[in-house]
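Take a look at the structure below.
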Amino acid sequence: MYNRDEDKYQKAKKRVEEIKGFYSNLITYLIVIPLLGYLNYRTTDFPWAIFPAVGWGLGLLFHGICAFGFNPLLGKNWEERKIKELMNSDEF
């Protein structure tokens, strides 16, 4: 029983760290991208700031998907089900 509780605690702790990392990334994005936009506006007519905004934004989107456990392709809890399936098979 203790082992199962410890496993649940470790998984929850890992998820909290992932979510915390996502929010740190989001806050940094919300600070840096407007600064880049301002710098772009003040220096040139070419809108180069869109490239880091879109690139980082896509990375942020995927980071959020992973941190919050949303997986539209494999469904909710797919990884957990696959681990149980493999543990119950004769393969391992």
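The values are calculated or read from the model by the stated rules, or taken from the named source; none is laboratory data. It should be emphasised that the depicted structure is a prediction, and the values quoted were computed from it without experimental measurement. Note: ideal-geometry Cβ built from the backbone for every residue, glycine included; neighbour counts use all protein chains shown. Protein only, heavy atoms only, side chains kept; ligands, DNA and RNA dropped before computing areas. Shrake-Rupley method; radii C 1.70, N 1.55, O 1.52, S 1.80 Å.
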*asked:* Just to be sure I understand, how many residues within the range 26-35 are open to solvent by less than 50 Å² (accessible area, probe 1.4 Å) and over 22 Å from I65 (Cβ atoms)?
replied: 0
*When you go through (1) without any contact (Cβ under 8 Å) to a residue 24 or more places away in the chain; (2) under 18 Å from the mean Cα position of the chain (by Cα); (3) closer than 17 Å to E80 by Cβ one by one for K8, which number turns out not to apply?*
(2)
*Taking the stated definitions as given, is Y38 surrounded by 11 or more Cβ atoms within 10 Å (Cβ to Cβ) and over 27 Å from F68 (Cα atoms)?*
yes
*Can you spot a residue in the range 14-29 that is more than 30 Å from N77 (Cα to Cα) and in contact with a helix residue (DSSP H, G or I) (Cβ under 9 Å, 6 or more places away or on another chain)?*
no
*asked:* Return the pair list, or none, for Cβ contacts closer than 6 Å from residues in the range 12-38 that are under 15 Å from H63 (Cβ atoms) to residues that are open to solvent by 50 Å² or more (accessible area, probe 1.4 Å) and in a helix (DSSP H, G or I), at least 6 apart or on different chains.
replied: F22/H63; N25/H63; Y29/W56
*For the range 41-66, enumerate the residues that are surrounded by 14 or more Cβ atoms within 10 Å (Cβ to Cβ), of a type outside the set (A, V, I, L, M, F, W, C) and either in contact with a His (Cβ under 7 Å, 6 or more places away or on another chain) or touching a residue at least 24 places away in the same chain (Cβ under 8 Å) (or both).*
H63, G64
*Taking the condition part of a helix (DSSP H, G or I) and either exposed (fewer than 11 other Cβ atoms within 10 Å of the Cβ) or under 18 Å from the mean Cα position of the chain (by Cα) (or both), does L86 pass?*
yes
